[in-house]
Amino acid sequence: MGFFSNLFKKKFETVSVETARELQQQGTLLFDVRETGEFKSGHAVGARSLPLSGLRGRYERELPKERDILIICQSGARSAQACNMLAAAGYKVTNVAGGTAAWRRAGLPIS
């Protein structure tokens, strides 16, 4: 059973938007995986756009493997998908629970 439990073990953490903001202020990179139009309509201050639809072709040249990375989307679903893929590729990623919607509700800064 150990083999199968390791197979399905989540390889990334999930944090609240408040914790994500604190980590970001300490230097953790924040990437938004929503589509470009969504990103342009308002995003967490300091977030960089890296849409999930193009992530496979871009992450190796745009994401530093040696840095901790936060991933955010609108609600947390797409960012969890991105975290699964990136964690499997050896990146240290953290999902932001509730996404940009929760970020807004918490009154955190939006660009």
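FRET efficiency for the residue 18 to residue 61 pair, using the beta carbon distance and R₀ = 41 Å, is estimated at 0.85.
For the pair residue 53 and residue 108, label points projected 7 Å from Cα toward Cβ lie 2.5 nm apart. GNM on the chain, alpha-carbon springs under 10 angstrom: the most fluctuating residue among 70, 30, 55 is 55. Of the candidates 28, 19, 94, which one comes out as most mobile in a Gaussian network treatment of the chain with C-alpha springs shorter than 10 Å? Largest GNM mean-square fluctuation: 19. Using Cβ point charges alone (K and R +1, D and E -1), the dipole size of segment 15-111 about the Cα centre works out to roughly 140 debye.
Coordinate-derived values only; no laboratory data. Here the structure is a predicted model, which means the values were calculated and not measured. Glycine also receives a Cβ, built like all others from the backbone with ideal geometry; neighbour counts cover every protein chain displayed.
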